[in-house]
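Data block below; observations after.
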Amino acid sequence: MGSFLSYILNEYTGLFSNNPFVPTKEYEKVDYIILSNCVEAHLDSKFKFNVWDASNYINFVIPNYNKKNN
């Protein structure tokens, strides 16, 4: 997950850099980007914990600094 976070936030080609890898207009209506490891629980067939409890996961909520204001 750290690699994805770095990919999005890196200062050279990240989404909020001066040279983003995705054109800003492609995501100008997106409010937040959420990175989560919640899929890991669904890969565990024994479900050792409550998979519906969000406190069991790590979630990064990144506001879109390039959002077009309406």
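List of remarks:
- Meets criteria (assigned to a loop (DSSP other than H, G, I, E, B), at negative phi and of a type in the set (S, T, N, Q)) for S17: yes
- For the criterion of being in a strand (DSSP E or B) and either touching a helix residue (DSSP H, G or I) at 6+ places or on another chain (Cβ under 9 Å) or aliphatic (A, V, I, L, M) (or both), V30 fails.
- Selection over segment 1-24 of residues that are out of contact with any Ser or Thr (no Cβ under 8 Å at 6 or more places or on another chain) and more than 22 Å from S36 (Cβ to Cβ) gives a count of 6.
- Residues in segment 12-28 include none that are without any contact (Cβ under 8 Å) to a residue 24 or more places away in the chain, of a type in the set (G, A, S) and open to solvent by 60 Å² or more (accessible area, probe 1.4 Å).
The values are calculated or read from the model by the stated rules, or taken from the named source; none is laboratory data. Worth saying up front: this structure is predicted, and the values here are computed from it rather than measured. As a convention, Cβ positions derive from the backbone with ideal geometry for all residues, glycine included, and neighbour counts pool all protein chains shown. Heavy atoms of the whole protein, side chains included, go into the accessibility calculation; ligands, DNA and RNA do not. Shrake-Rupley method; radii C 1.70, N 1.55, O 1.52, S 1.80 Å.
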